[in-house]
Amino acid sequence: MTAKFYFRQSLALLFFLSLNLALFAQDKDYEVTGKVIDDQLQVPLEYATVSVINASDPSKVTGGVTDVDGNFSIDVAKGTYNILVEFISYESKKFNNRTVNADLNLGTISLGVSSANLDEVVVRAETTQVDVRLDKKIYNIGKDLTTAGGTVSDALNNVPSVSVDIEGGISLRGNENVKILINGKPSAMAGFGSTDVLSQLPADAIERVEVITSPSARYDAEGTAGILNIILRKEETLGFNGSLTLTGGDPANAGASANINYRTDKFNLFNTTGYRYRESPGNGFFDTEYFEERDIPLLEDIKYDRNVEDRDMDRENKGFNTNIGLEYYINDQSSITGSIFYRNGDDEDLTTNINDYFLNGSERLGTTRSELETEEDESYQFAVNYINKFNDEGHQLTADFQFETDKEEQSAFISEDVNYNNTELDEVNVPREETNTYEDQKEYLIQADYVLPIGEGSQFEAGYRGNFENTVTDYELRQENENGVLAINENQTNIFDYTENVQALYSQYGSKFGDFSFLLGLRLENTNLKGRIDSELTEDELRQEFGFQINTDFDNTYLGLFPTVNFIYELGEEENVTLGYNRRINRPRGWFINPFPSRDSRTNIFQGNPNLQPAYSNAFDLGYLKRWEKLTLTSSVYFQRETESFQRVQDQITISGPNNTEVEVIRSLPINLGINDRIGAELGLLYNPADWLRLNGSFNFFKFDITDAVYEGQDYGRDGTSYFARFSSKVNLPLSIDWQTNAFYMGPTDEIQGRRDGMLSIDVALSKEILNENATISVNARDLLNSRKRQGTTVTNSFSQYSEFQWRQRQINVSLIYRFNQQKNQQRRQDANEEDMEGEF
């Protein structure tokens with residue numbers, strides 16, 4: 001909440017209190033003074049309310065509010081009083097039967113965040129803050145200049161334990177099997193399991209990020225690495241306020257977004273709307289050497305043993321999104337919130353592949369392959385939330401209903417021209433191709449959570465969640481025949497109807513005994529995965545086409561128990577130790593199951609595997625946190641064993657091409673591959689040595705060991721180590737100018753079929769406050785050295801490949817943020833209504 005809310009609230013209180021001034025006017029001879037601060041952050045609480053109530057006649061009330069330094073001074077007559085100190089979302093403090101016959105100084109009064117539900121505090125500060133709870137670490141994102149004008153994906157890459165690769169894939173402690181939630185729930189904003197939409201939402205929409213490496217039973221058991229819960233802003237300030245952000249950059253990047261909020265005593269109306277246009281040039285390089293001679297794809301009698309491919313990608317992305325919601329306060333204990341989210345994307349990507357084919361070091365043939373891909377994507381989400389608080393001690397019931405739908409149409413037009421010809425053929429013609437994909441997704445969510453406090457510091461919780469999702473993918477491949485006509489390739493054209501239904505019941509119990517707290521939970525989940533493939537090919541023909549048995553109509557059900565155990569021991573006010581255990585599941589997503597290949601190039605394809613089984617993991621986490629006056633240290637060691645883990649293997653297969661030809665391609669195929677043991681440690685430091693300097697760094701080191709990993713007679717077992725580190729510094733310069741630098745390095749690592757090189761990325765930014773600090777203008781450079789590239793070597797039985805891939809080149813942005821009816825450096829506290837809606841414990 002903004003300070004203006006507290007100011008207006010205080011004015012209303014003072015107006016009411018002024019009616020009682022006459023009762024005290026004759027005897028106001030003494031002062032009641034004191035100072036109110038946050039008990040953890042040790043910062044003043046401005047606009048805290050202090051009420052002085054006559055002990056013998058409670059109708060006689062006077063009071064006031066604290067100033068910017070947290071101080072208050074209230075004149076009262078001689079008498080006996082009950083003094084109440086309050087601040088929203090904090091535990092109140094009451095001083096009963098205080099006799100005032102002289103000036104009374106209550107000293108420094110420390111208020112803690114309301115702990116009836118073991119809730120956490122939300123702070124919007126100048127720098128990232130970290131708080132540790134029983135089942136999560138909470139990073140309240142500070143004012144990050146390097147992501148101004150950027151996206152949610154950009155902001156996530158600055159969160160400790162989290163890394164975002166060059167294609168937008170999100171990893172937690174180096175593990176890609178992470179579940180993404182928005183406000184505690186699966187959401188169309190997270191793209192139905194994809195992370196594409198996170199590259200469209202503006203970074204300044206994030207309130208905080210919860211890194212949940214030991215999830216409690218309340219959360220979905222999916223995601224063997226853990227959960228990232230992204231909490232988006234929803235203002236709660238009385239009156240009308242908001243902000244407007246304009247962005248421009250090079251390569252071409254233009255965007256505008258607005259956050260608007262209007263609240264009265266009975267309702268809160270909020271809206272976030274944004275539009276983005278971005279050009280994202282990228283590139284790739286692939287040098288593949290084959291151990292035996294082979295035919296050039298689609299061309300007979302032209303041999304080669306090496307292929308060098310240069311790839312340029314010119315992507316044009318246009319997107320519009322809006323989220324509008326209304327929270328209606330039925331009474332002081334209950335409210336209902338309805339919201340609608342809409343997203344529209346219109347993308348056009350041109351990929352140019354220049355292929356050079358060699359035989360014994362001599363050039364044989366050169367081609368230029370162009371693929372023009374268009375995509376239109378439209379998503380809707382309708383959500384309703386109801387909350388009823390039976391009392392102020394945390395006894396409550398929440399219920400949610402959510403419906404999401406997403407429709408996507410994608411077309412690709414592929415042509416290939418010959419650059420030079422050192423063969424004996426007079427004319428070389430490479431057939432054209434066209435692919436059309438229509439995808440329709442629908443998802444329903446039904447959820448109910450019940451919380452019952454038991455005595456002092458304990459509570460019981462139980463709930464139900466049902467996720468019902470269906471995806472229909474209609475894929476058509478057309479290839480040019482001998483008559484120059486684009487004809488359907490019946491072998492690869494198909495309709496894939498995939499359903500995933502997950503229903504869960506959970507209960508958990510948490511309690512606190514002195515400095516020791518625990519949270520025990522058990523979740524029962526029933527997973528039903530169904531798929532039906534409509535193809536011209538029979539199951540035997542599909543096996544011949546793709547090399548393994550494919551069930552065209554499968555119905556798999558899995559019932560599992562998922563226990564969670566979390567402990568925390570407070571060694572002191574600013575020091576604690578945590579210990580957690582949880583069992584998790586990783587369900588294969590639809591695109592990992594669809595057996596019909598996508599075509600990144602003529603020679604490289606990705607193919608899903610309908611025979612994939614869920615992977616399961618057991619994980620342990622031991623953490624330590626210590627705060628000093630200017631330094632915060634977080635650390636942990638962890639171990640995870642995942643069985644039937646997903647791994648991608650590359651092999652060489654032959655698939656059908658145009659005119660009944662056969663084409664040799666390199667296929668990437670996900671499979672269940674053995675046991676993956678992962679052990680690691682991470683260390684994080686937040687250091688503010690001076691008012692003008694803030695430093696933030698983290699380091700994560702892990703070792704993996706893949707065993708029992710035999711596939712088609714080949715042992716893919718591998719062990720290795722890797723690490724990643726990030727560093728951020730922020731300097732406050734004169735003239736209200738801020739300078740920030742972020743650096744990220746991903747260490748090299750061995751993979752099951754090769755090795756990935758290290759990768760360095762550096763971002764820098766400058767900002768300045770203008771227009772009486774109502775606006776901020778900033779300029780930032782992301783990937784300053786243009787070095788964010790994935791590089792590595794893959795070795796199989798038939799080929800060796802060196803590759804480089806850069807999804808997006810260096811980006812320079814200029815951003816202007818204008819705020820109205822807000823204060824820039826205020827401390828904002830969300831009330832319990834929002835936190836309860838987020839499905840947190």
Mean shadow area of the range 504-560 over all directions, Cα convex hull, nm²: 6.5 nm²
Gap separating the Cα centres of the range 478-541 and the range 744-766, nearest whole Å: 31 Å
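Could you line up T634, T352 from fewest to most neighbouring Cβ atoms inside 10 Å?
With the fewest neighbours first, T634, T352 line up as T352, T634.
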Linear extension gain, D332 paired with L622, 0.36 nm per residue minus alpha-carbon span: 100.4 nm
Using distinct alpha-carbon pairs, which all enter the 1/r mean, Kirkwood radius of the range 398-489 in Å: 18.7 Å
Rg(Cα)/(2.2 N^0.38 Å) for the range 543-596, N = residue count: 2.15
Potential extension, N501-N611 segment - 0.36 nm per residue separation minus Cα distance: 37.8 nm
Alpha-carbon centroid distance for the pair the range 340-406 / the range 550-611, whole angstrom: 19 Å
Pairs beyond 30 Å (Cα-Cα), from K266/K730; K626/K768; K389/K512; K407/K703; K35/K266; K266/K407: K266/K730; K626/K768; K407/K703; K35/K266; K266/K407
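If the viscosity is 1.567 mPa s and the temperature 4 °C, what translational diffusion coefficient in µm²/s does Stokes-Einstein give for the range 358-401 when Rh comes from Kirkwood over Cα pairs?
It comes out at roughly 74 µm²/s.
Which length gain, in nm to one decimal place, applies between D69 and D287 when the Cα-Cα distance is subtracted from 0.36 nm times their residue separation?
Gain in length upon complete extension: 72.1 nm.
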Square roots of five times the Cα gyration tensor eigenvalues for the range 648-723, Å: 45, 21, 7
Calculated FRET value between F240 and T538, using beta carbons and R₀ = 60 Å, to 0.05: 0.40
Protection-proxy order for peptides 581-589, 449-457, each taking the mean of Cβ atoms within 10 Å per residue, highest first: 581-589, 449-457
Packing-based exposure ordering (other Cβ within 10 Å, fewest first) of T213, T632: T632, T213
Distribution of pairwise C-alpha distances over the range 488-594, 10 Å bins, in %: 12, 28, 20, 16, 12, 9, 4, 0
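Please state, to two decimals, what the Cα-based radius of gyration of the range 421-554 comes to when divided by 2.2 N^0.38 Å (N = residues).
Cα Rg divided by the expected 2.2 N^0.38 Å: 1.89.
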Contact order normalised by residue count of the range 573-729, Cα under 8 Å, 6+ apart, percent: 18 percent
With eigenvalues of the C-alpha gyration tensor scaled by 5 and rooted, the range 308-369, Å: 57, 12, 5
20 Å binning of all Cα-Cα separations within the range 246-837, expressed as whole percents from 0 upward: 14, 45, 34, 6, 0
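A short reminder: the numbers here are calculations on the coordinates, not readings from a lab. All values derive from a computational prediction rather than experimental measurement. Glycine gets a Cβ as well: all are built from the backbone with ideal geometry, and neighbour counts include every protein chain shown.
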